[in-house]
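What follows is one structure encoded as structure tokens, with my remarks underneath.
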Amino acid sequence: MSTDQRSKDWYNQRAEEYTKHVRNPDDSIYHSLYEKPAMYKLLPNLKDKTVISLGCGSGEDCKYLKSQGAKRVVGIDSSEKLIEIAKNSYPQCDFYVMDMEKMDFDNLSFDFAYSSLAIHYIEDWHQVFQEVFRILKPGGYFLFSCNHPVYSALDVVEDDGDIKIRQLSRKNTKSTDAVEIIGDYMSHKPIIMPDGSDMAVTTWHKSIGEIAEEVADTDFLISNIVEPKPLSKMKDISPTNYETLIKIPNFIIFRLLKPQPPISQNS
Ligand SMILES: C[S@@+](CC[C@H](N)C(=O)[O-])C[C@H]1O[C@@H](n2cnc3c(N)ncnc32)[C@H](O)[C@@H]1O
């Protein structure tokens, strides 16, 4: 399933609020002190390169990628409102309303593809991997982040109007032999946040094995997998989040390589 309509509507309806959130580093600490530093550390040399960001939101990463010397940075997103904000904010980059499963770019258009916390809105990633493979030049990387399966194996319940998010665990009470299993790591499933949630969107949980299988079905090679740690600065700003993230990962980063074709023996 592609990104569902409810999630698309959520990003359109909350576009301004979302933009304000990501542009305030003290508010969006899971970006500023956790995911972005780890993603930026894995960037290749972008000098004079053509770059695409899939699910670019309000364009902050595009601005950063351009500041790293890229010749051209293109951002695409399925939210019309976020693309409008990005266009008005960062004229040094090009932005288009487009779905990452079907991109309107020629083969071999880009040197590097980037996607931050967007691919997990889609159930089956084969189409995205095939599209990115098609538009990338050989030797190019696709760097993307998504929910860590240890995090997304969670269990969401609405309880008396409150939302309870319970992490993967097994509770075993010795005296009664009672066992309670919370969450499910192995099954592929949607994580549907209730409407009252401040993130009422649907993302998809898949195990590391399933992600690796989807990559293996394409010609991409996995060049790196990173489970980021928060910057130590988070300890002062939000000790609870820091303590959580050094024990339970929230995001994971994959770097895929489109290999160079083998050199023909006859040439
Ligand atoms: C969590 S936001 C991340 C935005 C941005 N990458 C950032 O780090 O601030 C996820 C973004 O993915 C976009 N998105 C979701 N499904 C998409 C799809 N199929 N094609 C393109 N964009 C998509 C959403 O509209 C949203 O802007």
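A short reminder: the numbers here are calculations on the coordinates, not readings from a lab. Source: prediction; values computed, not measured. We place every Cβ from the backbone using ideal geometry, glycine too, and count neighbours over all the protein chains shown.
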* What spacing in nm lies between the two simple spin-label points modelled at Asp26 and Ile263, each 7 Å away from Cα in the Cβ direction? -> 5.6 nm
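Roughly what percent of Cα-Cα pairs across the chain reach past 25 Å?
Details: 16925 of 35511 pairs.
So the portion of pairs separated by more than 25 Å is 48 percent.
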* Asked: What are the GluC sites (Glu not before Pro) within the stretch 61-146 that DSSP puts in a loop, where the Cβ has at most 15 other Cβ atoms within 10 Å?
  -> none
* Quick one: grab the alpha carbon gyration tensor of the stretch 135-267, order the square roots of its eigenvalues as a ≥ b ≥ c, and give me rounded if a/c is under 1.5, else prolate or oblate depending on whether a/b is larger than b/c. => prolate
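Which whole-number percent gives the relative contact order of the stretch 95-202, counting Cα pairs below 8 Å spaced six or more residues apart?
Over the stretch 95-202, the number comes to 21 percent.
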* Asked: If the chain between Ala216 and Val179 were fully stretched, how many nm would it gain, using 0.36 nm times the residue separation less the Cα-Cα distance?
  -> 9.7 nm
* Asked: Taking the Cα centre of the stretch 143-267 as the origin, how large is its charge dipole in debye, to the nearest 20, when only Lys and Arg (+1) and Asp and Glu (-1) carry charge on their Cβ atoms?
  -> 600 debye
* To do: Could you grab the relative contact order for the chain? Cα pairs under 8 Å, six or more apart, rounded to a whole percent.
  => 18 percent
* Asked: Which trypsin sites (Lys or Arg not before Pro) does the stretch 1-50 hold that lie in a coil by DSSP with at most 16 other beta carbons within 10 Å?
  -> Lys47
* Structure fact -> Once the in-chain neighbours fewer than 8 apart are removed, the lysines whose Cα is under 28 Å from Lys49 read Lys36, Lys41, Lys63, Lys66, Lys71, Lys81, Lys87, Lys102, Lys137, Lys258
* Asked: Which residue, chosen from Asn147, Ser223, Asn250, occupies the Cα position most advanced towards the positive end of the dipole of the stretch 131-267, where the dipole is computed from +1 (Lys, Arg) and -1 (Asp, Glu) charges on Cβ about the Cα centre?
  -> Ser223
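Nearest 5 percent is fine: what portion of the DSSP beta bridges confined to the chain is antiparallel? Don't skip to the answer; put the middle values down first.
Numbers: 27 of 45 bridges.
The antiparallel proportion sits near 60 percent.
Divide the volume of the convex hull of the Cα atoms of the stretch 77-117 by its number of residues and quote the answer in cubic angstrom per residue. Mind dumping the intermediate values first?
On the way: hull volume 3.9 nm³, N = 41.
With only Cα atoms used, the stretch 77-117 gives 94 Å³ per residue.
Show me the trypsin sites (Lys or Arg not before Pro) within the stretch 147-234 that DSSP assigns to loop and that have at most 14 other Cβ atoms within 10 Å of their Cβ.
On the way: sites: Lys164, Arg166, Arg170, Lys171, Lys174, Lys206, Lys233; in loops: Lys174, Lys206.
Passing both the DSSP loop test and the Cβ count: Lys174.
Suppose every Lys and Arg Cβ carries +1 and every Asp and Glu Cβ carries -1, with no other charges. What dipole size does the stretch 202-267 come out with about its Cα centre, to the nearest 20 debye?
Dipole magnitude for the stretch 202-267 comes out near 360 debye.
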* FRET E, pair Asp124, Asn45, Förster distance 35 Å, beta-carbon r, rounded to 0.05 -> 0.60
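Based on the alpha-carbon gyration tensor of the stretch 158-216 and its eigenvalue square roots a ≥ b ≥ c, which shape applies: rounded if a/c is under 1.5, prolate if not and a/b is larger than b/c, or oblate? All intermediate terms of the calculation are to be shown ahead of the outcome.
On the way: a/c = 4.21, a/b = 1.14, b/c = 3.69.
Judged from the Cα gyration tensor, the stretch 158-216 comes out oblate (a/c at least 1.5, b/c at or above a/b).
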* How do Ile52, Ile263, Ile225 line up, fewest other C-beta atoms within 10 Å first? -> Ile263, Ile225, Ile52
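Quick one: if the Förster radius is 45 Å, what FRET efficiency do Asp236 and Arg170 give, using the C-beta to C-beta distance and rounding to 0.05?
On the way: r = 34 Å, r/R0 = 0.75.
Calculated value: 0.85.
Given +1 on the Cβ of Lys and Arg, -1 on the Cβ of Asp and Glu, and no further charges, what dipole in debye does the chain carry about its Cα centre, rounded to the nearest 20?
Values: 31 positive and 40 negative charges, 246 e Å.
Computed about the Cα centre, the dipole is about 1180 debye.
Before rounding to the nearest 500, sum -39500 (n - 2.57) across all DSSP H runs of length at least 4 in the chain and divide by the residue total; then give [θ] at 222 nm in deg cm²/dmol. Mind showing how you got there, number by number?
Values: 10 runs with 77 residues, N = 267.
After summing the helix terms and dividing by the residues of the chain, the value is -7500 deg cm²/dmol.
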* Asked: For Val215, Val73, what ranking results if the residue with the fewest other Cβ atoms within 10 Å of its Cβ goes first?
  -> Val215, Val73
* Whole number please: convex hull volume per residue, Cα atoms of the stretch 1-64, in Å³. => 119 Å³
